[in-house]
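Comments concern the structure below.
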Amino acid sequence: QVQLVESGGGFVQAGGPLGLSCAVSGSIFSINSMGWYRQAPGKQRELVATLTRQGSTDYPDSVKGRFTISRDNAKNTVHLQMNGLKPEDTGVYYCTVQSPFGTYWGQGTQVIVSS
């Protein structure tokens, strides 16, 4: 079992930065990859960043160059730094991890980007 708790969401003006954090606890030794998804109102949940155990990252074109995923092994946290935010980045952001035992999700944190 893995438990995830996101924090750092909020309200930000377009063009501004915002950082999200995800505290990871439980069977963290089993984690193969970590990531962030977001879900805008009325839309499907979409992947915005992934980080593998080996340290490789991947982003969709919509956020590439603006979002950065990283991890702090000492604190067992995963971060998502978002710069140059746009109104279309508005949504609920979810932290997720994948392990041989399954995929785990946090409860989500709201991000609102105003124009």
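Read-outs throughout are calculated quantities, based only on the coordinates presented, and are distinct from any laboratory measurement. For clarity, every value in this text was computed on a predicted model and none was experimentally measured. Cβ: placed from backbone, ideal geometry, glycine included. Neighbour counts: every protein chain shown.
Kirkwood-based Rg over Rh for the chain (C-alpha set), two decimals?
0.95
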Subtracting the Cα-Cα distance from 0.36 nm times the residue separation, let me have the gained length for SER115 to PHE29 in nm, one decimal. 26.8 nm
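How far, in nm, would the chain grow between SER56 and LYS75 when pulled straight, counting 0.36 nm per residue and subtracting the alpha carbon separation?
Extra length available between SER56 and LYS75 comes to 4.9 nm.
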What does the charge count near VAL113 come to, summing +1 for each Lys or Arg and -1 for each Asp or Glu among other residues with Cβ under 14 Å from its Cβ? +1
How far is it, in nm, from the label point at LYS86 to the one at GLU46 when both lie 7 Å from their Cα along the line to the Cβ? 0.9
Among ASN83, ASN32, ASN73, the residue with the largest mean-square fluctuation in a Gaussian network model of the chain built from Cα contacts under 10 Å is ASN73
Under a straight-distance cross-link criterion of Cα-Cα below 13 Å, which aspartates and glutamates are reachable from LYS64, leaving out those fewer than 8 residues away in the same chain? ASP89
When only DSSP loop residues count, what chymotrypsin sites (Phe, Trp or Tyr not before Pro) in the stretch 80-115 have their Cβ near at most 16 other Cβ atoms within 10 Å? PHE101
